[in-house]
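Undergrad: First the structure, then my questions, so here it is.
The values are calculated or read from the model by the stated rules, or taken from the named source; none is laboratory data. Everything quoted here is computed from the prediction, not taken from an experiment. Because the Cβ atoms are built from the backbone with ideal geometry, glycine has one as well, and the counts that use them run over all protein chains shown. What goes into the accessible areas is simple: the full protein's heavy atoms, side chains included, and nothing from ligands, DNA or RNA. Shrake-Rupley method; radii C 1.70, N 1.55, O 1.52, S 1.80 Å.
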Amino acid sequence: MTERPDELRGGLAAIFAHPDDESFTCGGALALAHDAGRVTRLLVVTRGEAGTADGSFDEAVGDAREEELRCAAGVLGLDEVTLLEGYADGGIADQPFARLVDEIAGWLSARRPDAVITFGPHGVTGNPDHVVVGSATRWAVERLAESGIAPHALYVVAPVFGAAARGLDLSPEEGAATHRIDVTEVAGRRIAALACHASQPDAAAEADELRETLDRDGVMYEGYTRVRPIVPAPHPAFDTRLV
């Protein structure tokens, strides 16, 4: 699946492994960028065919999750969604890493986003697909830098603002955000985007937790760490914009 107005360049891009990764991680930032008039786009490496109760592979589940991704993209206001071909859910590491880097670099070079969001070293949850996609994205950006066309900034998801982070084995990059984005004004859309992924019980659980957070605190944040260019530590204050 790919939908791209050819004339659009720049803006904010996200690169993830599965349908629903975008809604779990950066749905608020994408919605805010869209509302600010920035181009928003998403590259997803698999169709999520292993998103079954027992983790078995099911093409019908992949079909359903592709439709769910379209639903979430519409809620968030994405200008483009691209699904790569040839990568099985749960098996990205079984394919040549160099090929994935090539495909991501080609996708980025054709679109020239100003900033890119992806997974950090632990992929938030430790999922191997997350880890490989995050690593391949960073390699792709470094390759583009050698050609002088790298994005201005590369961010990894740092889910430190919320109770769920306490149970995660986060890397230093993922556990110490440089950017705290207030997504309160688009919180309803972030929750609605999660609801689009109805085949995934953990999406419903995350939506419930976000509602509880909003009811309790009256504010919702997303966290990111800028890894290129590197922000020196300690960072004196959170930045509040990605692009």
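Undergrad: If I compute solvent accessible area with a 1.4 Å probe over the protein chains, what percent of it on segment 1-154 is carbon and sulfur? If you can, show how the numbers build up before the last one.
TA: Values: 2970 of 5840 Å².
After summing per-atom areas, the C and S share lands at 51 percent.
Undergrad: Which entry is the computed Kirkwood radius over Cα pairs in Å for this structure: (1) 17.7; (2) 19.3; (3) 18.3?
TA: After the calculation, the listed value that fits is (1).
Undergrad: Which residues among segment 103-134 fall inside the zone where the amide N is under 15 Å from a point 7 Å beyond the Cα of Ile230, along Cα→Cβ?
TA: 121
Undergrad: For the chain, what does the helix formula give at 222 nm: sum of -39500 (n - 2.57) over DSSP H segments with n ≥ 4, over the residue count, nearest 500 deg cm²/dmol?
TA: Numbers: 7 runs with 93 residues, N = 243.
Mean residue ellipticity, 222 nm, calculated: -12000 deg cm²/dmol.
Undergrad: While we're here: What is the spin-label model distance, in nm, from Asp239 to Leu214 if the labels are put 7 Å beyond Cα along the C-beta direction?
TA: 2.7
Undergrad: Using Cα-Cα distances under 8 Å and only pairs 6 or more residues apart, what relative contact order does the chain have, in percent? Before the final figure, lay out each step's value.
TA: On the way: 489 pairs, mean separation 58.0, N = 243.
Contact order relative to length: 24 percent.
Undergrad: Moving on to the next point. If ligands, DNA and RNA are left out, what is the accessible area of Ile104 with a 1.4 Å probe, given in Å² to the nearest 10?
TA: 0
Undergrad: So, one more: What figure in square angstrom, to the nearest 10, would you give for the accessible area of Leu210 with a 1.4 Å probe?
TA: 10
Undergrad: Here's another thing I want to ask about it. Would you grab the residues whose amide H sits under 5 Å from the one on Val227? Only those 5+ places off in sequence or on another chain, please, with H modelled 1.01 Å from N.
TA: Long-range HN contacts for Val227: Leu154, Tyr155, Val156.
Undergrad: Have a look at the DSSP beta bridges in the chain and tell me what percent are antiparallel, nearest 5. Let's see the in-between values first.
TA: On the way: 10 of 27 bridges.
Expressed as a percentage, antiparallel bridges in the chain total about 35.
Undergrad: Report, in debye and to the nearest 20, how large the dipole of segment 169-243 comes out about its Cα centre when Lys and Arg carry +1 and Asp and Glu carry -1 on their Cβ. Intermediate values should be presented prior to the final figure.
TA: Working: 8 positive and 14 negative charges, 81 e Å.
The dipole of segment 169-243 has a size of about 380 debye.
Undergrad: Specify the residue with the greatest mean-square fluctuation among Thr184, Thr25, Thr40, computed from a Gaussian network of the chain linking alpha-carbon atoms under 10 Å apart.
TA: The residue that fluctuates most here is Thr184.
Undergrad: Okay, next question. Taking square-rooted eigenvalues a ≥ b ≥ c of the alpha carbon gyration tensor, is segment 88-140 rounded, prolate or oblate, where a/c under 1.5 means rounded and, failing that, a/b exceeding b/c means prolate? Mind dumping the intermediate values first?
TA: Numbers: a/c = 2.54, a/b = 1.36, b/c = 1.87.
Oblate, since a/c reaches 1.5 and b/c is not below a/b.
Undergrad: Something else: State the cysteines of the chain left without a partner when partners are defined as other cysteines whose beta carbon lies under 4.7 Å away.
TA: Cys26
Undergrad: Counting heavy atoms of the protein chains only and a 1.4 Å probe, report the per residue accessible area for the chain as a whole number of Å².
TA: Details: 10450 Å² over 243 residues.
Accessible surface, normalised per residue, equals 43 Å².
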